[in-house]
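Here's the structure we're looking at; comments come further down.
Taken together, the values in this text are just the output of simple stated rules run on the coordinates, not laboratory data. Predicted model only: the values in this text are computed from it and were never measured. When we count neighbours, we look across all protein chains shown, and the Cβ atoms used for this are built from the backbone with ideal geometry, even at glycine.
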Amino acid sequence: MITSVHSIVYASDADQARAFFRDVLGLPSVDAHDGWLIFKLPPSELAVHPQAGPDAPSGQQELYLMCDDITSTMADLAAKGAEFTSPVRQAGFGLLTTIKVPGGGEIGLYEPRHRTAYDL
């Protein structure tokens, strides 16, 4: 039986990225060993999208954090040092922006405008 999902963010500076998830996003964690933090994530859901085009890579994954109010969430995170790498835009599924993960690329943040499955 599947009990949970383990997501991975690859980072050129794992310590800096871990500090961001711990200190800025405030995610609780366990130390698996020697500072290797594994973070508790909020409830989640999984969507399967069609490949973007015949030449687009198949098997690509993306990570998005969801929130109820993108404006207040961005203000809270910015006060803790989060850097947003795109303005909020209206995507068909909701309001979307991206957050820089220091040493680890970007992740999405969005306020959904669709039915959600994470609380089923």
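Rounded to the nearest 20, the size of the Cβ-charge dipole of the chain about its Cα centre is 180 debye, with Lys and Arg at +1 and Asp and Glu at -1. Computed from backbone phi with θ = phi - 60° and the Karplus coefficients 6.51, -1.76 and 1.60, the 3J(HN,Hα) list for the stretch 12-27 is 5, 10, 4, 5, 5, 5, 4, 4, 4, 5, 6, 8, 8, 7, x, 7 Hz; x is used for glycine and proline.
Net charge dipole, the stretch 61-100: roughly 140 debye, given to the nearest 20, about the Cα centre with Cβ charges of +1 for Lys and Arg and -1 for Asp and Glu.
Site pair VAL48 and ALA19 shows an inter-label distance of 4.1 nm when each label is modelled 7 Å from Cα along Cα→Cβ.
For the stretch 1-94, the Stokes-Einstein estimate of translational diffusion at 37 °C and a viscosity of 0.692 mPa s comes to 204 µm²/s, using the Kirkwood hydrodynamic radius over alpha-carbon pairs.
When you restrict to C-alpha pairs under 8 Å that are six or more residues apart and normalise by the size of the chain, the relative contact order lands at 28 percent.
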